[in-house]
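Asker: The structure is given below, and queries will be raised subsequently.
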Amino acid sequence: MAAALRHSASLVLLRSSPARGRASTSFEVLLLLRNAKRRTSFPSMWVFPGGVAEPSDISLSSTALRETFEEVGLTVGMELPAGSTLSEVTEWRQRVYADPSSWASFTKWCGRAEAPLLAPFTKWTTPAFEKKRFTTAFFVGAVDEGWEAEGSVDGGEIVDHLWIAPDDAIARHCRGHLALMPPQLWMLSALSGARSITDAMRIGRSLERLPTIEPELHARSDDGTITLVLPWDEAHKAHPGEAGAAHRVSFVAPLGSSPVTLAISPLSTLRRCGLAGLAPDARM
């Protein structure tokens, strides 16, 4: 029997960075390192801020915002009250972590309703063979222009954070220095085709038109390599593509022991689906 699905949300958070040349992006994305010493999901992996939806959350975008505040102390689309202190914000962060329903009170304290600069990105569902399964809504958003946002972690579930350009993150992953899961690599690949935050938001809105991405097990090799097929692969049962189409990811189990590889980039997937007009392709 397949494991029950839990709803969760994650925020792909962007901030401006100095342009590093004509072929570079002008933004960075936030990645968080999960604690390897705790009984938590995805230990030792670099992930986007996010977590499981709580009954008090008014929407999945609210879940993504709340979890981002809990995990790294950053607010998106909200302004802190004039004269507020770091100790006050830290106290609110602790209250929200202990009681997620306190998030509504925090947003009122900020004096600004939740109207964040978020765009739907993609939805992913954990493969059916996993014991813990989630349907995760990913959003893309940006820290306010001109704000030197850094963030901080509490050393609990999250032990480190990193602001990095998408193409740099992919390069470090391919060298085995940054452990990423398939959804994170797939989305970073999509964003590496963007040249600005505005471009990244546009890509996010285009990818949101894809169906929920549920990887399906395609093969297990004797050396431990697992290959998963994505929608529009010729072997995907729910959303098969034309003969010869390869939309898949491969990795050696357990995740993090070696880099994940993509058979085709997300932007190529969009073009195969007739969703053209995006930024230049980011090929793996």
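The values are calculated or read from the model by the stated rules, or taken from the named source; none is laboratory data. Since the model is a prediction, treat every value here as computed from it, not as a measurement. Please note: Cβ atoms are built from the backbone with ideal geometry, for glycine as well, and neighbour counts cover all protein chains shown.
Asker: The conditions are (1) in contact (Cβ under 8 Å) with a residue 12 or more places away in the chain; (2) of a type outside the set (Ser, Thr, Tyr); (3) in contact with a Lys or Arg (Cβ under 9 Å, 6 or more places away or on another chain), and GLU242 fails exactly one of them. Which is it?
Answerer: Status for GLU242: all satisfied but (1).
Asker: So, one more: Hey, can you tell me all the residues within the range 113-139 that are at pLDDT 85 or above and part of a loop (DSSP other than H, G, I, E, B)?
Answerer: Those that are at pLDDT 85 or above and part of a loop (DSSP other than H, G, I, E, B): THR126, PRO127, ALA128, PHE129, GLU130, LYS131, LYS132.
Asker: Can you tell me which of TRP163, TRP186 is surrounded by 16 or more Cβ atoms within 10 Å (Cβ to Cβ), within 19 Å of SER26 (Cβ to Cβ), in contact with a strand residue (DSSP E or B) (Cβ under 7 Å, 6 or more places away or on another chain) and aromatic (Phe, Trp, Tyr)?
Answerer: Answer to the selection: TRP163.
Asker: Identify, from the list HIS239, HIS218, HIS247, the residue that is out of contact with any Gly (no Cβ under 8 Å at 6 or more places or on another chain) and farther than 17 Å from PHE129 by Cβ.
Answerer: Only one candidate passes the filter, namely HIS239.
Asker: Evaluate the range 219-239: report whether one residue or more is closer than 23 Å to LEU118 by Cβ and crowded, with 17+ Cβ neighbours inside 10 Å.
Answerer: no
Asker: Next up: Exactly one of these conditions fails for ALA253: (1) touching a Gly at 6+ places or on another chain (Cβ under 6 Å); (2) buried (at least 16 other Cβ atoms within 10 Å of the Cβ). Give me its number.
Answerer: For ALA253, the exception is condition (2).
Asker: Answer yes or no as to whether LEU178 is under 18 Å from the mean Cα position of the chain (by Cα) and under 24 Å from ARG34 (Cα atoms).
Answerer: Taking the combined requirement at face value, the residue satisfies it.
Asker: Kindly indicate whether VAL96 is assigned to a helix (DSSP H, G or I), hydrophobic (A, V, I, L, M, F, W, C) and at pLDDT 95 or above.
Answerer: In short, yes.
Asker: Next question, about the same structure. Of all the residues that make up the range 62-89, how many are of a type in the set (Gly, Ala, Ser), in a helix (DSSP H, G or I) and in contact with a Gly (Cβ under 9 Å, 6 or more places away or on another chain)?
Answerer: Result for the range 62-89: 1.
Asker: Follow-up question, since we're still on this one. Listed residues SER56, SER44; which is assigned to a loop (DSSP other than H, G, I, E, B), over 15 Å from GLY141 (Cα atoms) and in contact (Cβ under 8 Å) with a residue 60 or more places away in the chain?
Answerer: SER44
Asker: What helices (runs of 4 or more DSSP H) lie completely within the range 162-259 and have 2 or more residues being at pLDDT 90 or above and either farther than 19 Å from THR136 by Cβ or among the aliphatic types (A, V, I, L, M) (or both)?
Answerer: 166-174, 182-191
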